Number of protein chains: 2
Amino acid sequence: MRAVIPYKKAGAKSRLSPVLSLREREEFVELMLSSVLRALKAAGIEKIDIISPSIYGLEEVEAQVILDEADLNEALNAYLEKAKGPVLIIMADLPLLSASHIKEIVSSNKDICIVPGKGGGTNLIFLKNPSDFQVKYYGSSFLAHCAIAEAKALSFEVYDSLLASTDIDEPDDLVELLVHGKGPARDYINQKFNYEVSRGRVKLNPIE
Amino acid sequence: MRAVIPYKKAGAKSRLSPVLSLREREEFVELMLSSVLRALKAAGIEKIDIISPSIYGLEEVEAQVILDEADLNEALNAYLEKAKGPVLIIMADLPLLSASHIKEIVSSNKDICIVPGKGGGTNLIFLKNPSDFQVKYYGSSFLAHCAIAEAKALSFEVYDSLLASTDIDEPDDLVELLVHGKGPARDYINQKFNYEVSRGRVKLNPIE
């Protein structure tokens, strides 16, 4: 089996721009990608492809880089169509994901295992027969992917994990990284922000 | 073992007031409480106490009501101090929680099983020896509860579930209920809101 990670460093994570500069966001996504690569390798997955519109930030990465300037869905669907054997599609912004999550996900006894992201997204999809499936990211992709599996009469499982479902797109997501994370991506954010604790949920405060 | 649910209907869920009226919020918390009670009963937990500052909304509930006007922490700690046997503390705003989550949580082989909430909160705590423990809700209660367990040299487990960790406090949380939920609490929200699907996360739109 292979893992495939869509990735773009240039101008990454624009929804974090209220709290992180362009340079910081680009440094941070690189640390998150490294975290995902470490988790994959610790789970025993050695064949890793990164699909990116540019080599920027991937010059020295320990994975195969596939350059594709197409839209995320087009690029991934072209990849899936040609794939031989099972494929794990995995987003690059999952710093709470561990090797044990990955091992469980790829051990699914269904045709497909889907890990939702926050707000209706999809963080990982494990496909035993990738050429049977087309992805449809953006918006409520989790429901779209469940519907595609149903329409194709493929059995699927929804993997229920807070940590695997925490993708980092918005400032509040950084709170989850500080509370539940460890490692370089968490350390990077921990240098820059404090918790602000009130009676409601924890919020971020920049460190002056 | 017993389950205890802190609950307040009057003026509930003020952070949902941008999208739901007072009457709607009070109706909605009642539906969420019913959902939690159904999950507990389906998990075989029959001894259920509800701690509330008022009988309002609990006139016909199928559980024992303990009236206590004290602060959440004071009321729960007084309850724990007197408890005989294991206690599951469970919040009333968990409409994605199922009986199978509850069965797994109360089967923990540690002294304590903690289920985090969004933004550093705590959604459930299972305590084998409740009189050994004091709760500290509000703010980053998840980290506080882990620290209390460590300070008392109690073994603990963090239960990793997106569904059990989804407490409903803010408008974005209703998206998770629409995407992942079923039952009356989900139906109630589904009558009032549509998805707004863009390239980012799903947002709510009121139905005109």
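No lab work stands behind these numbers, since they all come straight from the coordinates. Keep in mind it's a predicted model, so treat the numbers as computed, not measured. Ideal geometry is used to build each Cβ from the backbone, glycine not excepted, and the neighbour counts take in all protein chains shown.
Measuring nothing but label to label, 7 Å from Cα along Cα→Cβ, what are B:GLU46's distances to the other copies in nm, shortest first?
5.7
Name the residue farthest towards the positive end of the dipole of the protein assembly as shown from the options B:ASN73, A:SER140, B:CYS113, assuming +1 on Cβ of Lys and Arg, -1 on Cβ of Asp and Glu, about the Cα centre.
It is B:CYS113, whose Cα lies furthest towards the positive end.
Determine the dipole magnitude for the range B:2-165: charges of +1 sit on the beta-carbon of Lys and Arg, -1 on that of Asp and Glu, nothing else is charged, the reference point is the Cα centre, and the result goes in debye to the nearest 20.
Working: 18 positive and 21 negative charges, 50 e Å.
Magnitude of the dipole: close to 240 debye.
Would you compute, from DSSP H runs of 4+ residues alone, the mean residue ellipticity of chain A at 222 nm, taking -39500 (n - 2.57) per run and dividing by the full residue count, rounded to the nearest 500? Don't skip to the answer; put the middle values down first.
Numbers: 6 runs with 68 residues, N = 208.
After summing the helix terms and dividing by residue count, I get -10000 deg cm²/dmol.
Take every DSSP beta bridge with both residues inside the range B:2-165 and express the antiparallel ones as a percent of the total, to the nearest 5. Write down the numbers at each step before the final one.
Details: 9 of 23 bridges.
Taking every DSSP beta bridge with both residues in the range B:2-165, the antiparallel ones total about 40 percent.
Rounded to whole angstrom, how close does the nearest chain A beta-carbon get to the axis mapping A onto B, and which residue is it?
Closest to the rotation axis on chain A: A:LEU162, 2.
For the range A:2-165, what number of Lys pairs, 8 or more residues apart or on separate chains, have alpha-carbon atoms under 14 Å from each other? All intermediate terms of the calculation are to be shown ahead of the outcome.
On the way: A:LYS41/A:LYS103; A:LYS47/A:LYS84; A:LYS82/A:LYS128; A:LYS84/A:LYS128; A:LYS110/A:LYS128; A:LYS110/A:LYS152; A:LYS128/A:LYS152.
Close lysine pairs under the 14 Å cut-off: 7.
Modelled label-to-label distance, A:GLU196 and B:GLU59, 7 Å Cα→beta-carbon offset: nm?
Placing both labels 7 Å along Cα→Cβ, they lie 4.2 nm apart.
Of the candidates A:ARG15, A:ARG186, A:ARG25, which one comes out as most mobile in a Gaussian network treatment of chain A with C-alpha springs shorter than 10 Å?
Sorting by GNM fluctuation, first place goes to A:ARG15.
How large is Rg/Rh for the range B:1-111, to two decimals, with Cα atoms and a Kirkwood Rh? Can you show the working numbers first?
Values: Rg = 14.2 Å, Rh = 14.7 Å.
Using Cα coordinates only, the ratio equals 0.97.
Average the reciprocal distances over every distinct pair of alpha-carbons in the protein assembly as shown, invert the result, and give the Kirkwood radius in Å. Show your work: numbers first, answer last.
On the way: mean 1/r = 0.0444 Å⁻¹.
Evaluated over the protein assembly as shown, this radius sits at 22.5 Å.
Distances from A:LYS103 to the same position in the other copies: list them in nm, one decimal, shortest first, using label points 7 Å from Cα along Cα→Cβ.
Its label point is 2.5 nm from the equivalent points in the other copies.
Could you compute the FRET efficiency for B:LYS110 and B:ALA70, with r as their C-beta to C-beta distance and R0 at 25 Å, rounded to 0.05? Walk me through the numbers before you get to the answer.
Working: r = 29 Å, r/R0 = 1.15.
Using R0 = 25 Å, I get an efficiency of 0.30.
Using Cα springs under 10 Å in a Gaussian network model of chain A, which residue among A:GLY44, A:GLY121, A:GLY181 shows the largest mean-square fluctuation?
A:GLY44
Please name which of B:ILE168, B:MET32, B:ALA151 has its Cα lying farthest along the dipole of chain B towards the positive end, using unit charges on Cβ (Lys, Arg +1; Asp, Glu -1) and the Cα centre as origin.
Value computed over the given set: B:ALA151.
I'd like the distance separating the alpha-carbon centroids of the range A:74-126 and the range B:85-130, in whole Å.
The range A:74-126 and the range B:85-130 have Cα centres spaced 28 Å from each other.
Nothing charged except the Cβ atoms of Lys and Arg (+1) and of Asp and Glu (-1): what's the magnitude of the dipole of the protein assembly as shown about its Cα centre? Round to the nearest 20 debye.
Details: 48 positive and 60 negative charges, 106 e Å.
In debye, rounded to 20, the protein assembly as shown gives about 520.
List the residue ranges in chain B for DSSP H helices whose C-alpha atoms run 18 angstrom or more along the long axis and whose Kyte-Doolittle average is -1.0 or above. Mind showing how you got there, number by number?
Details: long enough: B:22-42 (30 Å, 0.13).
Passing helices, by number: B:22-42.
Can you give the relative contact order of chain B as a percent, counting alpha carbon pairs under 8 Å and 6+ residues apart? Kindly include the intermediate steps, with their values, before the conclusion.
Details: 362 pairs, mean separation 44.1, N = 208.
Relative CO of chain B lands at 21 percent.
Toward the positive end of the charge dipole of the protein assembly as shown, about the Cα centre and with charges on Cβ (Lys, Arg +1; Asp, Glu -1), which of B:LEU178, A:ILE51, A:LEU127 goes farthest?
A:LEU127
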